[in-house]
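Asker: Below: one structure in structure tokens.
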Amino acid sequence: MKAIIVPGVTDLNKGDQALVWESHRLVKDTKLFKDIYILNSGDTEEEKRLLCQQSIDHGYQMIENILEHPRRGQHKTDEHIQESKFELAKQVKNAGLDFLSTKFLLSICNNLPSVKKLFSAKVYQTVKEFSEADVIFVKGGGFIHAYGEKTAPYLMWYFLFYVRLAQKLNKKVVFFPNSFGPFEGVTVKSQVRSVFNKLDLTYARENVSAESLGALLDKKIPVEMDLGFFLQKGSQKEADKILIKYNLSKDDKIVGITIRPWRFPGLSNPEELYQKYITSVAALVKHITDNGFKVALCNQSLGPNTHEDDRNAIQDLLKIVNNANVIWINENLACDVLKAVYSNFYFYVGTRFHSIIFSLTSLVPSIAIGYGGNKAKGIMDDFNLDKYVIQIQDVNSKQLIELFDDAIENYDGIKSSLSNAMRLVDESRNRMISDIKGLYS
């Protein structure tokens, strides 16, 4: 049989990369599928290289993405917190045209000769691949949420397009563990209902998301682990090379940190909130180094756009932090090697969600700065670590420092709890494999 994993891989975002790679490994371990394809991403040749090359180098087979991002691969380097009205207007125009085009495509997708006649060879080939597939798997993640922004209706259409295509072609669809909600905005709830009520398997990755989606659909949603928990650690030899390159060792008691640009959707003062976030982290960094630790700033995501490029936030932080014990590990590492690096850290303070997951599964106690829906709060709550979460819009230096000090004081207990929880990881993965096999029993 044949499987396709959607949406497209994003090698620059190491959490997303891990979700796609682990989706592939889980599907492969069902032993049901001879051919497993991953959707590529990128709207220019350079962007495709950046977003897909590590996955290609690891041997994954790709098929072409046919729904471009409204940005069309154009990224303004100075707009990582707030985009200009001109750029937004261009994106709105592109989104409108894409909506009409993809809506028409869905209406004729079962007629391949018509698709071939009316659309490009690339679109035809991808629709043909979908028509020949048996199951479409939606990678794990946290992209089914909206805050009532004006772009919310198209965002939902964009993120659910490939599921709609699969359903129009009468394919089975499995939605791997995701965070769900909030569902604010025009048509958002109705779009989610129309798609999710027809899925073959749906998983939430934390209880709060299961409750959110379950309330919308009026059904019980099973909860399973985020696929990032299943990522196997990469080469320790490669990790050691990185530590040596940056003059670090495990004996340094390294505190890893991820920060990111964030636009605070739905709030009226994004630039003010972003500055408060950066200055609060700077105060925490000073507190950490004053207490004898070293700080390693890490690139968990390097794109594809400036808003998803952690290096922009790190540069903003380093404008106000000047300390020899603060080291920027400025690398583009594959997700498994990055996890191996994190496993050498003593503690972690993560804004990037999967930097926390990579750390927790390496038994590294962590604090999470939550953003973008329910994911951080939900996962930490499910591990009984909910006291160590603060939402990005609520961040302040006093609370960050208090959380860090509390976690260090309870370090051994947290580490023991993490160790005990790891058995749940294999159990969750095995349940999903069994469920997928059950579709054919």
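Asker: Could you tell me which numbered condition Lys377 fails, if it satisfies all but one of (1) within 25 Å of Thr10 (Cβ to Cβ); (2) out of contact with any helix residue (DSSP H, G or I) (no Cβ under 9 Å at 6 or more places or on another chain)?
Answerer: Evaluating Lys377 over (1) within 25 Å of Thr10 (Cβ to Cβ); (2) out of contact with any helix residue (DSSP H, G or I) (no Cβ under 9 Å at 6 or more places or on another chain) leaves (2) as the failure.
Asker: Name the single residue, out of those in segment 38-74 being over 30 Å from Ala89 (Cβ atoms) and either in contact with an Asp or Glu (Cβ under 7 Å, 6 or more places away or on another chain) or among the small types (Gly, Ala, Ser) (or both), that is surrounded by the most Cβ atoms within 10 Å (Cβ to Cβ).
Answerer: Pass one, segment 38-74, residues over 30 Å from Ala89 (Cβ atoms): 38, 53-63.
Next, from what is left, pick out any that are either in contact with an Asp or Glu (Cβ under 7 Å, 6 or more places away or on another chain) or among the small types (Gly, Ala, Ser) (or both): 53-55, 59, 63.
Values: Gln53: 12, Gln54: 20, Ser55: 22, Gly59: 7, Ile63: 20.
So the residue we want is Ser55.
Asker: As an exercise: evaluate Val349 against (1) in contact with a Gly (Cβ under 6 Å, 6 or more places away or on another chain); (2) not in a helix (DSSP H, G or I) and give the number of the one condition it does not meet.
Answerer: (1)
Asker: Return the residues of segment 303-320 that are part of a loop (DSSP other than H, G, I, E, B), crowded, with 19+ Cβ neighbours inside 10 Å and of a type outside the set (S, T, N, Q); say none if nothing qualifies.
Answerer: Within segment 303-320, Gly303, Pro304 meet the criteria.
Asker: While we're here: May I ask you to list the residues in segment 165-200 that are assigned to a strand (DSSP E or B), buried (at least 18 other Cβ atoms within 10 Å of the Cβ) and not aromatic (Phe, Trp, Tyr)?
Answerer: Lys172, Val173, Val174, Pro177, Asn178, Ser179, Gly181
Asker: Which of the residues spanning segment 353-405 are part of a loop (DSSP other than H, G, I, E, B), in contact with a Lys or Arg (Cβ under 7 Å, 6 or more places away or on another chain) and either free of Cβ contacts under 8 Å to residues at least 24 places away in the same chain or farther than 20 Å from Leu267 by Cβ (or both)?
Answerer: Ser362, Leu363, Pro365
Asker: Considering segment 6-30 alone, what residues qualify as being closer than 20 Å to Arg49 by Cα and of a type in the set (Asp, Glu)?
Answerer: Once the filter is applied, which keeps residues that are closer than 20 Å to Arg49 by Cα and of a type in the set (Asp, Glu), segment 6-30 yields Asp11, Asp16.
Conditions (1) outside the structural domain of Val223 (by TED's automatic domain parsing); (2) on the phi > 0 side of the Ramachandran plot; (3) at pLDDT 95 or above, marked per residue:
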position: Phe353; (1), (2), (3): yes, no, no
position: Leu363; (1), (2), (3): yes, yes, yes
position: Gly370; (1), (2), (3): yes, no, no
position: Lys375; (1), (2), (3): yes, no, no
position: Ile379; (1), (2), (3): yes, no, no
position: Ile390; (1), (2), (3): yes, no, yes
position: Leu403; (1), (2), (3): yes, no, yes
position: Ser417; (1), (2), (3): yes, no, no
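Asker: Still on this model: Report every pair of residues separated by at least 6 positions or lying on different chains whose Cβ atoms are under 8 Å apart, first residue within segment 255-272 and within 13 Å of Ala368 (Cα to Cα) and at pLDDT 95 or above, second among the β-branched types (Val, Ile, Thr) and assigned to a loop (DSSP other than H, G, I, E, B).
Answerer: Gly256/Val364; Thr258/Thr351; Ile259/Thr351; Arg260/Thr351
Asker: Between a residue in segment 81-93 that is closer than 22 Å to Glu272 by Cα and among the charged types (D, E, K, R) and any residue that is part of a helix (DSSP H, G or I) and at pLDDT 75 or above, which pairs come within a Cβ distance under 9 Å, given they are 6 or more apart or on different chains?
Answerer: What qualifies is Glu83/Gln91; Glu83/His307.
The values are calculated or read from the model by the stated rules, or taken from the named source; none is laboratory data. Nothing here was measured: the structure is a model prediction, and the numbers come from that model. Methodologically, a virtual Cβ is constructed for each residue, glycine included, from the backbone with ideal geometry; neighbour enumeration extends over all protein chains shown.
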